[in-house]
Amino acid sequence: MRKMINVALPKGRLGEKVYDMFEKAGFECPSIKENNRKLIFENAEKGVRYFWVKPSDVAIYVERGAADIGVAGKDILLEYKPDVYELLDLKMGKCNMAVAAKKGFVDDRSKTLTVATKFTNIAKADYSSIGRDIDIIHLNGSIELAPILGLSDVIVDIVETGSTLKENNLEVVEKFVDISARLIANKSSFKFKCNEIEEVRSKLTNQI
Ligand code: PRP
């Protein structure tokens, strides 16, 4: 018998595009488009149950097995290194992880560099790879404010269109990782629901 697959989708614009991809791949669940406060949607016939999850929490649901598979940004996978399988690059939600600063900023290497970011681990790894001493300031959003208000010298953040930087008179110093949405799987689900998960992977591959 076909086993039900629990799918954690990232709530928001990217998640809607991801759902459309699942729908085109044959895993539709029409009720998901009718109600925007409900968080769980199921199509028993197709063997799928979707959850809308905060994007940065998808990997946790999948790692802990509350969801069998999910879609998470490579930024989250690099930052939190969850113990999951990364099955497929969906080639959507493309952006870059970048260092940015006020226009004309020049790094004075005789001083500790202050870096504001949501991505503490990614920033530490990037600067330690070049042997640069930094002081991390962890923020949860509106990172672009930090260099403007003198809270930090630079930021490490996601740049998609570049308009947030531009509108705040900041510029990219260096782009250092390509980011996109990835299909991930819980390790034991991948064993016990192997056929079902492989079917999802193969049908999604045909949609890319
Ligand atoms: C993200 C990111 C940048 C912005 C980049 O913020 O942190 O601020 O998008 O996109 P752009 O290059 O197309 O302007 P998000 O919208 O997630 O909000 P946040 O301030 O809560 O981080």
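The values are calculated or read from the model by the stated rules, or taken from the named source; none is laboratory data. Because the structure is a prediction, the values reported are computed rather than measured. All Cβ positions, glycine included, derive from the backbone under ideal geometry; neighbour counts span all protein chains shown. Please note that ligands, DNA and RNA were not included when accessible areas were found on the heavy atoms of the full protein model with its side chains. Shrake-Rupley method; radii C 1.70, N 1.55, O 1.52, S 1.80 Å.
Restricting F27, F41, F22 to those that are in contact with a strand residue (DSSP E or B) (Cβ under 8 Å, 6 or more places away or on another chain), of a type in the set (F, W, Y) and free of Cβ contacts under 8 Å to residues at least 24 places away in the same chain reduces the list to F41. None of N195, N140, N206, N121 is at pLDDT 95 or above, open to solvent by 10 Å² or more (accessible area, probe 1.4 Å), within 30 Å of L87 (Cα to Cα) and within 14 Å of the ligand (Cβ to nearest atom) except N140.
Looking only at residues that are in a strand (DSSP E or B) and of a type in the set (A, V, I, L, M, F, W, C) in the range 48-70, which one is surrounded by the most Cβ atoms within 10 Å (Cβ to Cβ)?
Here the residue is I69.
Could you tell me whether the range 153-167 includes any residue that is of a type in the set (D, E), away from the ligand (no atom under 16 Å from the Cβ) and under 30 Å from K124 (Cα atoms)? Break it down stepwise before answering.
To start, the set of residues in the range 153-167 that are of a type in the set (D, E) comprises 153, 157, 160, 167.
Applying the additional criterion that residues be away from the ligand (no atom under 16 Å from the Cβ) yields 153.
Checking the rest, the ones that are also under 30 Å from K124 (Cα atoms) come to 153.
Yes, the range 153-167 contains at least one residue that is of a type in the set (D, E), away from the ligand (no atom under 16 Å from the Cβ) and under 30 Å from K124 (Cα atoms).
Checking each residue in the range 142-182 for being touching a Phe, Trp or Tyr at 6+ places or on another chain (Cβ under 9 Å), closer than 20 Å to P55 by Cα and of a type in the set (D, E, K, R) picks out only D157.
Mind checking which residues of the range 33-65 are under 20 Å from R201 (Cβ atoms) and not basic (K, R)? Steps first, answer last, please.
Narrowing the range 33-65 to residues under 20 Å from R201 (Cβ atoms): 43, 46-51, 53, 58-59, 61-63, 65.
N43, G47, V48, Y50, F51, V53, V58, A59, Y61, V62, E63, G65, listed by residue number.
Every residue in the range 1-19 that is assigned to a loop (DSSP other than H, G, I, E, B) and touching a residue at least 24 places away in the same chain (Cβ under 8 Å), please. Within the range 1-19, R2, K3, M4, K11, G12 qualify. When the residues of the range 94-105 are narrowed to those that are more than 10 Å from the ligand (Cβ to nearest atom) and open to solvent by 30 Å² or more (accessible area, probe 1.4 Å), which ends up nearest to A72 (Cα to Cα)? Result: K94.
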